[in-house]
Amino acid sequence: MRRATRVGGDALHRARSARGLTQSQLARIIDVSGGERVSECERGVRAPAVRLIPAVAAALGVTHLEFLALPNGVDLKALRLASGKTSTEIAQQTQVSSATYLRWGVRQIAGDPRSSRSAQSGEGLGHPSARAGSRP
């Protein structure tokens with residue numbers, strides 16, 4: 001079974017500590033209420049909202065992918081999370097249905113997963129070399 005891409009709590013904690021920020025300071029920088037939300041993310045109790053991932057990365061001075069747990073390598077979901085976009089936004093941007101985009105993410109698309117549409121999806125995420133179902 002595939003594990004979901006999520007924020008790696010340990011990596012988030014290390015990046016925050018290396019930057020010399022408390023949980024409350026990071027929460028203020030990314031405009032969330034209270035350090036307990038950051039604590040929950042670091043402990044794996046809660047994931048940050050997708051829209052916050054780019055802000056957290058910028059505040060910590062790391063790339064978006066550095067604090068994501070990537071059990072499947074850098075896949076479309078990881079790239080989408082790093083971009084701070086929802087699957088619906090990416091589907092609209094690449095002019096496919098949300099269901100098609102989601103199938104690409106779980107490798108259920110029929111045919112070549114490197115089709116022009118899945119390539120556009122990677123480009124929409126800011127990674128032109130990304131392909132649906134590709135792994136590093």
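Values for this structure:
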quantity: Answer residue from the range 87-116, given it is assigned to a helix (DSSP H, G or I) and of a type in the set (D, E, K, R) and is modelled with the highest pLDDT among those; calculated: E89
quantity: Index of the failed condition, L68 passing every other in (1) at pLDDT below 50; (2) in contact with a strand residue (DSSP E or B) (Cβ under 7 Å, 6 or more places away or on another chain); calculated: (1)
quantity: Neighbours by Cβ (under 6 Å, 6+ apart or cross-chain): first from the range 9-27, assigned by TED's automatic domain parsing to the domain that holds V62; second β-branched (V, I, T); calculated: A15/V62; Q23/V38; L26/V38; A27/V38
quantity: Candidate set from the range 46-85 (those that are under 18 Å from L21 (Cβ atoms) and in contact with a Gly (Cβ under 6 Å, 6 or more places away or on another chain)); member that is surrounded by the fewest Cβ atoms within 10 Å (Cβ to Cβ); calculated: P54
quantity: Residues of the range 20-34 satisfying the condition of being modelled with pLDDT of 90 or more, of a type outside the set (A, V, I, L, M) and under 22 Å from L81 (Cα atoms); calculated: Q23, R28, D31
quantity: Candidate set: the range 65-91, residues that are of a type in the set (D, E) and in contact (Cβ under 8 Å) with a residue 12 or more places away in the chain; chosen: the one nearest to R37 (Cα to Cα); calculated: E66
quantity: R131 being assigned to a loop (DSSP other than H, G, I, E, B), at pLDDT below 65 and farther than 24 Å from S24 by Cβ; calculated: yes
quantity: A47 vs. criteria over 29 Å from T100 (Cβ atoms), among the aliphatic types (A, V, I, L, M) and either outside any helix (DSSP H, G or I) or at pLDDT 85 or above (or both); calculated: no
quantity: Contacts under 9 angstrom Cβ, first residue in the range 43-64 being closer than 10 Å to L12 by Cα and free of Cβ contacts under 8 Å to residues at least 40 places away in the same chain, partner of a type in the set (S, T, N, Q) and assigned to a loop (DSSP other than H, G, I, E, B), 6 or more apart; calculated: A57/T63
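The values are calculated or read from the model by the stated rules, or taken from the named source; none is laboratory data. Note that the coordinates shown come from a computational prediction; the quantities given were computed from them, not determined experimentally. Here the Cβ is made from the backbone with ideal geometry for all residues, glycine too, and neighbour counts use every protein chain on show.
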